[in-house]
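Read the structure below first, then the notes.
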Amino acid sequence: MTPITNSLAAIGVATLMMTLPATAKPVDLSDLTIAPDATTFSLDNGLQVVVIPDRRAPIVTHMVWYRIGAADEPPGKSGIAHYLEHLMFKGTSENPGSTFSDTVARVGGRENAFTSNDYTGYYQQVSKQNLPQMMALEADRMRNLRLTHEVSAPELKVVLEERRARIETRPSAELGEAVDAALFINHPYSDPIIGWPNEVASLTFEDALNFYRSHYRPGNAVLVIAGDVDVDEIRTLAEETYGKIADDKGRVTRVRPQAQKLRADRLVELADPRVTQSSTQLAWLVPSYTTAEPGTAEALDVLAEILGGNNTSRLYTALVRDEKIATSAGAWYQSSAIDDTRFVFYAIPRGDTSLEALEDRAREIIADIADNGVSDEELQRAKTSLLASAIFAQDNQASLARIFGAALATGSTVEEVQTWPTAISAITADDVRAAAKTWLDDQATVTGRLLEADAPATAAITAPAPAPSTAIR
Amino acid sequence: MYHLVKRAIVATLFISASVGSASAIDIQEVTSPGGITAWLVSDDTVPVVAVDIAFKGAGSSQDPEGKAGRANLLASTIDEGAGDMDSVAFQTALQDNAVRLSFDSSRDHLYGDLTTLSSSVEQGFNLLRLALTEPRFDDEALTRIRAQITVGLRREQNDPDNVVARLWSRTAFPDHPYGVPANGTVESVANLGHDDMVDAFKHGIARDNLVIAVVGDIDADTLAALLDSTFGDLPEHADLADVAEVEPAMGLTVSDTVDTPQTAIRFGGPGLPRSDPDFIPAYVMNHIIGGGAFSSWLFQEVREKRGLAYTVYSYLAPYAHTAVFGGGTATRNDQAQEAVKVILDQFERMATEGPTEEELADAKAYLTGSYALRFGSSSSIARQLLFIQIEDLGMDYIDKRNDLVEAVTLEDVRRAARRIFGEGRPTVAVVGAPAG
């Protein structure tokens, strides 16, 4: 079961895309285009529309992405973006209460919503002929939300239960909050998307409405429609629905204080009696696809794959297979973000190996790439893997819609997504070496250790690894 | 490719996406010269081939006593080296050919999932063949994967959601494989070795319990040849242990303590098997009470009206040897009793009052309308085709399924509800820190 305003999604846009099957019949995928039929246009009120035809089944995925997220919240109101996401299901004057959800259910649709640091999204998947109705309802919800204390108060309790379920019952998630706070100095990514508990508890529906009125507008949104549609039909429908909403304010300018690169290493530790396995992670502040110079984010994607993207990666091979000092080890790069983002190493020790030993070995392995680079074979394999993911993603219209939506909501263009395979294919072994040198080897780290409550910090046991790739939280 | 291919187009099925548009899904039953059968939907729109297979009955219910977690370890190590390729060589071959291959086990079955590009379909099937005919189960791989599974098991020991799921299972199914942790325990996994894998493999992997679904950029002739080359060398017959038919225990309440701010709750009692004439009515009833829409009774009463939980759900699960109606939620420790009461009250209400005509109509509209969404991608179509074969529902099931739902009357739902809730309340398991 899935429904419910399922929040806190962060889609690693560039975790999905591709290159060339190596052996047997080498196929050059370097000039492959992702969703070549995708087109984009804007309405007069500033709404950007992306249409991704997939005519295999009479099904449509309809998504609205607002260019606003948890990192855009006013001070003291952490969690308001996510609370608003929940309240968006409480009705409008014209479609009161649960009319929208009831309508989706009656036509056999799926729906949900998600909040990340940089965007908030709402979607339905329905049979093709129900699309106009979804567009009318979502357009209505864009400006006409109506809230009362009666519907908003229980929902705040729901959000606090969600926080308990996601964070407070999980020491690893609590450690994650501390790592973020230590990594993103002077930047709102340091605050949890779901909000700090005391601030969430004091949120009101008036706070939510203020946030809603200033940010939920066509000029600040992206409409992504994937499935059994063509662009002309969508243009007409969009004009008849979203097009009726006046907006001359354009996009919200997101001026955030920038994360500071400290010279000092930082160490955060959480010891908890519920921890049965210690673990460690190292986090680096690195550029995202939005902030990086051309080629840098692509090089970091390839580096993450070679370093720790699978079970033949450098880290897994050394720590898990050969040296047998870890039960798992890997690395991931959260590539999609408006501001500088994170690159993370994680490992769970095996036997009596200390966490420090794992951290030291990870640094040595990174230094080795920074000094000696990677082999052509490794490079090719990583590209094949990345680009194969992109081809596989094209089997699913909702995946494609998410890839485009997340990219556009964080400052990329449709063309950049489409030509991502070319950009990945262009990465050289030296680009990967340079990325390791510049962004990891030469930089300060934040170390996050999860410990058994009774264990001294230097002893070691084992613990939860952060989810590789596509960071949720 | 010079085999004589016996190809039969058995059915052309129309998924009605409610009024108006309909889309054809052509399912072909492809039988290879060697007599291996697969269901195929051929579609070259996306250059991907999705292959789902299952070995029926070879899931964790086959784990011998003291060997809990055997099927899970087997699924985790089949792809860790085969033939003359060790783990690294095998995994590297998968990556170099852009082939995704994984195995998984449920209580009842063992599953394989192969995804390839059109250009690597032969390499993909060949790697699947190797894994299924010459798996190595090297000590290195077994030791490594066992350590990973053990980490997961240790972590689960203090996770209320996992603790409560295990507590419910062993309470509902004492003295039955369904009551044993499917992934095993730290102790049982430590006892699993090479011989256990070979044993599980020998008994569970065969042609007579194999079902195959293939969707995507491949034609019937190509597939027919690959079926023989991939599965032709498997043993003819599986040799599975008998699993007793069982009913989940009802009316028990059990609890355990984990020091955590939120209490996890699971409930469950007898459901109805898929072969029961009231299964579809029960399925509709489950949708109304807690099956996953915002409008469900549990969602409305527990979440919307009272704000007690983020998640609350129910499900109807027909297993091979039992049938369960169950569900769960999680709430602040001091609200746990209230949440359980609210949930049980809904069962009572369903057993006595039942839903309204309007609720039934809405449920049917949702269930029939959403069926088409299960056929939106090659991988999801493959899952459906596999499921229909496992459950032996027949190739025309996709055509019939919405009619079966449409035919459900209010009296059918009430009867199904009385059968599920009328005998007593389900067994409830609660795990958290005692309030106050």
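The values are calculated or read from the model by the stated rules, or taken from the named source; none is laboratory data. Not measured: the values here are computed from a predicted model. We place every Cβ from the backbone using ideal geometry, glycine too, and count neighbours over all the protein chains shown. When the accessible area is computed, the model is the full protein with side chains, heavy atoms only, and any ligands, DNA or RNA have been set aside. Shrake-Rupley method; radii C 1.70, N 1.55, O 1.52, S 1.80 Å.
The amide H of B:I27, built 1.01 Å from its N in the peptide plane, has B:A11, B:L13 as neighbours under 5 Å, considering only residues 5 or more places off or on other chains.
Take every residue in peptide A:389-399, count the Cβ atoms of other chains within 10 Å of its Cβ, and give the average of those counts. Please report the intermediate quantities before stating the final value.
Working: counts 2, 0, 8, 12, 2, 5, 15, 6, 2, 3, 1.
Average per residue, whole number: 5.
Report Rg(Cα)/(2.2 N^0.38 Å) for chain B, keeping two decimals. Let's see the in-between values first.
On the way: Rg = 23.1 Å, N = 436, 2.2 N^0.38 = 22.2 Å.
For chain B, the normalised Cα radius of gyration is 1.04.
Of all the options B:S42, B:S106, B:S370, the one that moves most in a Gaussian network model of chain B with Cα springs shorter than 10 angstrom is B:S370.
Enter the mean number of other protein chain beta carbons within 10 Å of the beta carbon of each residue in A:279-289, as an integer. Let's see the in-between values first.
Details: counts 2, 0, 0, 0, 0, 0, 0, 0, 0, 0, 0.
Shielding by partners across A:279-289 averages 0.
Across the stretch A:138-150, computed HN-Hα scalar couplings (Karplus, 6.51 cos²θ - 1.76 cosθ + 1.60, θ = phi - 60°) run 5, 5, 4, 5, 5, 10, 10, 4, 10, 10, 10, 4, 4 Hz from first to last residue, x flagging Gly and Pro. In order along the stretch A:57-68, the phi-based Karplus estimate (6.51 cos²θ - 1.76 cosθ + 1.60, θ = phi - 60°) of 3J(HN,Hα) comes to 9, x, 10, 10, 9, 10, 10, 10, 10, 9, 7, 7 Hz; Gly and Pro are listed as x.
Residues of the stretch A:144-170 that bury at least 40 Å² of accessible area when the other protein chains are present, relative to the chain alone (probe 1.4 Å, heavy atoms, ligands and nucleic acids excluded): A:P154, A:K157, A:V158, A:E161, A:R164, A:T169. The spacing between the stretch B:290-329 and the stretch B:384-406, judged by their C-alpha centroids, is 24 Å.
What shape does the stretch B:253-432 have by the C-alpha gyration tensor, where a ≥ b ≥ c are the square roots of the eigenvalues, rounded means a/c under 1.5, and otherwise prolate means a/b greater than b/c and oblate the rest? Taking the square roots of the gyration eigenvalues as a ≥ b ≥ c, the stretch B:253-432 is prolate. In the stretch B:81-97, burial by the other protein chains removes 20 Å² or more of 1.4 Å probe accessible surface, compared with the chain on its own, from B:V88, B:Q91, B:T92, B:Q95, B:D96, B:N97. The residues of the stretch A:98-116 listed by number as losing at least 50 Å² of accessible area in the complex, against the isolated chain and with a 1.4 Å probe, are A:A105, A:R106, A:G108, A:R110. Set the Förster radius R0 to 25 Å, insert the Cβ-Cβ distance between B:Q148 and A:E174 as r into 1/(1 + (r/R0)^6), and round the FRET efficiency to 0.05. Result of the calculation: an efficiency of 0.60.
Just so you know, the Rg over Rh for the stretch B:6-231 is 1.02, from Cα atoms, with Rh as the Kirkwood radius. Across the alpha-carbon set of the stretch B:376-430, the Rg to Rh ratio works out to 1.15, Rh being the Kirkwood radius. The loop-placed chymotrypsin sites (Phe, Trp or Tyr not before Pro) in the stretch A:374-452, going by DSSP, include none that has at most 11 neighbouring Cβ atoms within 10 Å of its Cβ.
Of all the accessible heavy-atom surface of the protein assembly as shown, with the other protein chains kept in place and a 1.4 Å probe, what percent is carbon and sulfur?
On the way: 16100 of 32690 Å².
The C+S portion of the solvent-accessible surface of the protein assembly as shown is 49 percent.
Average partner chain C-beta neighbours within 10 Å, per residue of B:368-381? If you can, show how the numbers build up before the last one.
On the way: counts 1, 9, 9, 2, 7, 10, 2, 4, 14, 11, 4, 3, 3, 3.
Partner-chain Cβ atoms within 10 Å, mean over residues of B:368-381: 6.
Taking only the Cα atoms of the stretch A:34-244, the radius of gyration and Dmax are 18.0, 51 Å. Buried surface between chains A and B: roughly 6200 Å² of accessible area, summed over both sides, computed with a 1.4 Å probe on protein heavy atoms only.
The coefficient of translational diffusion for the protein assembly as shown, derived via Stokes-Einstein from the alpha carbon Kirkwood radius under 10 °C and 1.306 mPa s, stands at 56 µm²/s.
All C-alpha pair distances within the stretch A:200-349, sorted into 5 Å bins from zero, spread as 2, 7, 10, 11, 11, 13, 12, 11, 9, 6, 5, 2, 0 percent across the bins. Averaging Cα coordinates gives a centre for the stretch A:240-258 and one for the stretch B:182-214; these two points are 56 Å apart. Note that the stretch A:177-192 has calculated 3J(HN,Hα) couplings of 4, 5, 5, 4, 4, 7, 7, 9, 6, 6, 9, x, 4, 6, 9, x Hz, one per residue in order, obtained from phi through the Karplus relation 6.51 cos²θ - 1.76 cosθ + 1.60 (θ = phi - 60°); glycine and proline are x. Across the stretch A:266-452, Cα-Cα pairs farther apart than 28 Å form 28% of the total.
Each of the GluC sites (Glu not before Pro) that DSSP puts in a loop and that has at most 15 other Cβ atoms within 10 Å breaks chain A; the longest unbroken stretch is A:95-322.
Please work out the FRET efficiency for the pair B:V186 and B:S255, using the Cβ-Cβ distance as r and a Förster radius of 30 Å; give the result to the nearest 0.05.
On the way: r = 22 Å, r/R0 = 0.75.
Rounded to the nearest 0.05, the efficiency is 0.85.
Taken over the Cα atoms of the stretch B:195-298, the convex hull encloses 290 Å³ per residue.
Once the 1.4 Å probe is applied to the protein heavy atoms, the protein assembly as shown comes out at 36 Å² accessible per residue.
Tell me, which longest segment in chain B has none of the GluC sites (Glu not before Pro) that fall in DSSP loops with at most 16 further Cβ atoms within 10 Å? Spell out each step's value before the answer.
Numbers: sites that count: B:E65, B:E236, B:E245, B:E353, B:E391, B:E423.
The longest such stretch corresponds to B:66-235.
Given in Å, the Rg to one decimal and the Dmax to the nearest whole number for the Cα atoms of chain A are 22.6, 65.
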